[in-house]
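Asks: Handing you a structure now.
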Amino acid sequence: MAKGMILAAGQGTRVRPLTKDLPKPMIPILGKPVMEYLIEHLASYGITEIMVNVAFNHHKIEQYFGDGHRWGVQIGYAFEGVREHGEITPKPFGSAGGMRRIQDFSGFFDDTTLVLCGDALIDLDIGAALHEHKNKGAIASVVALDVPLAEVQNYGIVGADENGQIQSFQEKPKPADAKSTLASTGIYIFEPAVLDLVPHHQVYDIGSQLFPQLVEQKLPFFAQKRFFNWIDIGRVSDYWAILQRVLRGEVAQMNMPGREVKPGIWVGLNTQIPWDKVTIEGPVYIGSSVNVEAGATIIGPCWIGHGSHVRTGARVVRSILFEYTRIAADMRFTEMIVSPTYCVDRVGETLYRGDETAQLRWGDARA
C-alpha cells in the first residue's frame with residue numbers, strides 16, 4: 001500500500017491571526033483540527049505509515065497526534081529548523097526539500113507516496129487516484145480541479161495535453177498570463193524516483209521548482225481531473241465561509257458533536273442556558289460549560305466554543321467563538337471569528353483586545 005506525507009511546516013501567514021499561536025493544520029473545524037480529518041481519510045484507504053514535516057509550533061501537532069495509534073496509523077515527524085546563536089529556530093526546507101531530507105535520513109519513501117497539504121479538507125477517492133497514477137506509468141501525478149479564471153493567482157496552474165501529460169506549471173499566475181484554469185489542489189502522488197531529482201540540503205519547493213523541472217525533462221508527469229470536495233483554508237475569509245457551509249450541513253461526513261436538543265441546536269455537557277429567556281436559531285453548536293445569559297441572542301450558523309460566556313443583551317450572528325471567549329453585554333458580533341484575544345471579521349480585518357478605538361468589547365471567559 002502507498003505511504004503518506006503531510007506537509008505541515010508552513011507558517012500560515014495568510015491566515016493570521018488564526019495561526020498566531022496555532023500551526024495551520026491545527027485550525028479547528030467542528031472542534032477537530034483539519035489534519036485529523038486528513039489522517040482519518042488516509043486511514044480509511046489503508047494508508048497507515050504517515051510522515052509529517054513540522055516547524056512552527058510543532059509541539060502542538062506532535063502532542064495532539066502523538067504516534068497515531070488512536071487512528072490506527074503510525075505517524076512520524078521530521079522537524080525543520082536551524083540553530084542560530086544557540087537558539088533553535090524553525091526554518092522550513094520547502095515542500096520538496098523536506099521530503100528529500102526524510103529520504104536521505106532513512107529511505108522512507110520506498111513506495112508510491114500520497115502527499116497532502118496539512119491545511120485542506122478533502123474527500124478524494126484515493127484508491128481511484130492511485131490506480132490512475134499506476135496505469136499511466138506516472139513518476140508524479142497532481143490532482144487538479146478547475147477554478148474560475150479570476151482566482152488563478154491563488155494557485156499553481158497546470159497546463160496538460162488531452163492525455164493529461166503536464167506541459168506547463170505556473171505558480172500563481174495573473175489571469176491574463178494563465179495557460180489554463182486547472183489548479184493544483186496540493187495533492188500529489190510521487191514515485192521514489194522523483195525525490196532523486198531534488199537537490200540535497202537545500203530549500204526546494206514542489207510547485208515552483210520541482211514541477212517545472214519535471215516538465216522541462218519531459219518526464220511522465222500527469223494531471224488527474226477528479227470530482228471531489230476540496231476545501232482550502234487559504235485566507236481567514238475562507239475559514240469563515242467553510243464553517244458556515246459545514247454548520248449548514250453542506251459538507252458530507254462532517255458531523256456535529258454534542259446532543260441535538262432542539263432542531264438545529266446541538267449542545268455539549270454542563271451548559272447554562274435559560275432556554276425560555278434567550279433567542280437561539282440554528283444551526284448552532286454550543287460547547288461544554290458555556291454560559292448564555294438571559295436576553296442573549298445567537299443566530300446561526302454559529303459555533304460557540306467550550307467555556308465561552310455570552311452576556312445578557314449580546315447578539316452573536318453567523319459567527320465563530322473559540323473556546324473561553326466572553327462576549328460583553330449588549331455587544332453585536334456579526335460574521336466574526338472571535339477568540340479571547342482578537343476578533344476578525346469575514347474579510348480578515350482584525351481587532352485585538354485592549355484596542356481603545358474598538359467599539360466592540362469582549363475578552364477571556366476564564367477569569
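The values are calculated or read from the model by the stated rules, or taken from the named source; none is laboratory data. What you see is a predicted model; the values in this text were computed from it and never measured. Positions of Cβ are generated from backbone atoms using ideal geometry, with glycine treated the same way; all protein chains shown enter the neighbour counts.
Asks: Which one is surrounded by the fewest Cβ atoms within 10 Å (Cβ to Cβ), of the residues in the stretch 18-66 that are of a type in the set (S, T, N, Q) and over 27 Å from TYR204 (Cα atoms)? If you could, list the steps in order and put the result at the bottom.
Replies: Initially, the stretch 18-66 is screened for residues of a type in the set (S, T, N, Q), giving 19, 44, 48, 53, 57, 63.
From what is left, the residues that are over 27 Å from TYR204 (Cα atoms) are 44, 63.
Working: SER44: 13, GLN63: 8.
Of everything passing the filter in the stretch 18-66, GLN63 is surrounded by the fewest Cβ atoms within 10 Å (Cβ to Cβ).
Asks: Among strands (runs of 3 or more DSSP E) lying entirely in the stretch 29-138, which contain 2 or more residues that are of a type in the set (A, V, I, L, M)?
Replies: On the way: elements: 49-54, 74-79, 81-84, 87-90, 113-117, 120-122.
In the stretch 29-138, the matching strands (runs of 3 or more DSSP E) lie at 49-54, 74-79, 113-117, 120-122.
Asks: Quick check: anything in the stretch 319-331 touching a helix residue (DSSP H, G or I) at 6+ places or on another chain (Cβ under 7 Å), over 25 Å from VAL15 (Cβ atoms) and surrounded by 16 or more Cβ atoms within 10 Å (Cβ to Cβ)?
Replies: In the first step, residues of the stretch 319-331 are kept if they are touching a helix residue (DSSP H, G or I) at 6+ places or on another chain (Cβ under 7 Å); the result is 320.
Now narrow it down to the ones that are over 25 Å from VAL15 (Cβ atoms): none.
So far as the stretch 319-331 goes, no, none of its residues is touching a helix residue (DSSP H, G or I) at 6+ places or on another chain (Cβ under 7 Å), over 25 Å from VAL15 (Cβ atoms) and surrounded by 16 or more Cβ atoms within 10 Å (Cβ to Cβ).
Asks: For the stretch 256-271: of the residues being under 26 Å from the mean Cα position of the chain (by Cα) and assigned to a loop (DSSP other than H, G, I, E, B), which is surrounded by the fewest Cβ atoms within 10 Å (Cβ to Cβ)?
Replies: PRO257
Asks: Need the failing condition index for SER180 against (1) crowded, with 16+ Cβ neighbours inside 10 Å; (2) in contact (Cβ under 8 Å) with a residue 24 or more places away in the chain; (3) over 14 Å from ALA138 (Cα atoms), just the number.
Replies: Tallying (1) crowded, with 16+ Cβ neighbours inside 10 Å; (2) in contact (Cβ under 8 Å) with a residue 24 or more places away in the chain; (3) over 14 Å from ALA138 (Cα atoms), SER180 fails exactly one: (2).
Asks: What residue, among those in the stretch 188-237 that are without any contact (Cβ under 8 Å) to a residue 60 or more places away in the chain and part of a helix (DSSP H, G or I), is farthest from the chain's Cα centre (by Cα)?
Replies: For the stretch 188-237, the residue satisfying everything is GLU216.
Asks: Can you tell me which residue in the stretch 146-165 is modelled with the lowest pLDDT, limited to those that are assigned to a loop (DSSP other than H, G, I, E, B) and closer than 18 Å to TYR188 by Cβ? Give the steps one after another, and end with the answer.
Replies: First, pick out the residues of the stretch 146-165 that are assigned to a loop (DSSP other than H, G, I, E, B): 147-148, 155, 161-164.
So of that shortlist, the ones also closer than 18 Å to TYR188 by Cβ come out as 147, 155, 164.
Values: VAL147: 92, TYR155: 89, GLY164: 94.
Looking at residues that are assigned to a loop (DSSP other than H, G, I, E, B) and closer than 18 Å to TYR188 by Cβ, I get TYR155.
Asks: Of the residues that make up the stretch 87-98, is at least one modelled with pLDDT of 95 or more, aliphatic (A, V, I, L, M) and not assigned by TED's automatic domain parsing to the domain that holds VAL344?
Replies: yes
Asks: Could you grab me the full set of residues in the stretch 338-351 that are outside any loop (DSSP other than H, G, I, E, B) and more than 16 Å from ILE327 (Cβ to Cβ)?
Replies: First, the residues of the stretch 338-351 that are outside any loop (DSSP other than H, G, I, E, B): 338, 342-345, 350-351.
THR350, the sole residue that qualifies.
Asks: How many residues does the stretch 129-167 contain that are under 27 Å from the mean Cα position of the chain (by Cα) and of a type in the set (S, T, N, Q)?
Replies: 3
Asks: Now for a different question. Among the residues of the stretch 199-255 satisfying the criterion of being over 19 Å from PRO92 (Cβ atoms) and among the small types (Gly, Ala, Ser), which is surrounded by the most Cβ atoms within 10 Å (Cβ to Cβ)?
Replies: Checking each candidate, the answer is ALA223.
Asks: Here are SER180, SER141, SER168, SER184: which of them is part of a loop (DSSP other than H, G, I, E, B) and either of a type outside the set (Asp, Glu) or within 24 Å of VAL34 (Cα to Cα) (or both)? Give the steps one after another, and end with the answer.
Replies: Working: SER141 fails: part of a loop (DSSP other than H, G, I, E, B); SER168 fails: part of a loop (DSSP other than H, G, I, E, B); SER184 fails: part of a loop (DSSP other than H, G, I, E, B).
Only one candidate qualifies: SER180.
Asks: With the structure loaded, tell me whether VAL15 is of a type outside the set (Ser, Thr, Tyr) and either free of Cβ contacts under 8 Å to residues at least 24 places away in the same chain or buried (at least 21 other Cβ atoms within 10 Å of the Cβ) (or both) or whether it fails that test. Talk me through it step by step, then tell me what you get.
Replies: Details: of a type outside the set (Ser, Thr, Tyr): yes; either free of Cβ contacts under 8 Å to residues at least 24 places away in the same chain or buried (at least 21 other Cβ atoms within 10 Å of the Cβ) (or both): yes.
Yes.
Results for (1) in contact with an Asp or Glu (Cβ under 7 Å, 6 or more places away or on another chain); (2) outside the structural domain of THR350 (by TED's automatic domain parsing); (3) at pLDDT 95 or above, shown as yes or no for each residue.
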{"position": "ASN135", "(1), (2), (3)": "no, yes, yes"}
{"position": "VAL142", "(1), (2), (3)": "no, yes, yes"}
{"position": "ILE189", "(1), (2), (3)": "no, yes, yes"}
{"position": "VAL194", "(1), (2), (3)": "no, yes, yes"}
{"position": "HIS201", "(1), (2), (3)": "no, yes, no"}
{"position": "GLY207", "(1), (2), (3)": "yes, yes, no"}
{"position": "PRO212", "(1), (2), (3)": "no, yes, no"}
